[in-house]
1. For region 65-89, enumerate the residues that are part of a loop (DSSP other than H, G, I, E, B) and either at pLDDT below 85 or surrounded by 14 or more Cβ atoms within 10 Å (Cβ to Cβ) (or both).
2. Taking interchain pairs and intrachain pairs at least six residues apart, which have beta carbon atoms under 6 angstrom, with the first residue in region 1-13 and farther than 22 Å from I35 by Cα and the second part of a loop (DSSP other than H, G, I, E, B)?
3. Applying the selection to region 1-37, what residues are part of a loop (DSSP other than H, G, I, E, B) and hydroxyl-bearing (S, T, Y)?
4. Out of everything in region 38-59 that is assigned to a helix (DSSP H, G or I) and surrounded by 14 or more Cβ atoms within 10 Å (Cβ to Cβ), what residue ends up being modelled with the highest pLDDT?
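The values are calculated or read from the model by the stated rules, or taken from the named source; none is laboratory data. Not measured: the values here are computed from a predicted model. Counting neighbours? That spans all protein chains shown, and the Cβs are built from the backbone with ideal geometry, glycine included.
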Amino acid sequence: MICDKCGQELESIVCGNCGQAVLKLGPYCYACGKIIDSKVENVAENEESAGEIDFSDRILCSDGTCIGIVEKGVCKLCGKPYVPEPDQQ
């Protein structure tokens, strides 16, 4: 990403805690607030392996307005528990 003020390229990283791609602006992830440590990887390295991700097993949030995915029974984006749709007969 290019800085609007100075025009320099800003380094992007992936937070090891929340998995969000964020700009490296300091020692903390501005998405989750955790300290960025050795779990952080360069976005470029993640993009190379992104082609190997299998999206067919993901479960989308049951809230009709959320775009998150469900892990361990809870939406990673909004935090609501997953409620499966009743079988339609």
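1. Answer for region 65-89, where residues must be part of a loop (DSSP other than H, G, I, E, B) and either at pLDDT below 85 or surrounded by 14 or more Cβ atoms within 10 Å (Cβ to Cβ) (or both): C66, G68, K76, K80, Y82, P84, E85, P86, D87, Q88, Q89.
2. C3/L10
3. Hit for region 1-37 is Y30, nothing else.
4. Among those residues, the one meeting the criterion is N46.
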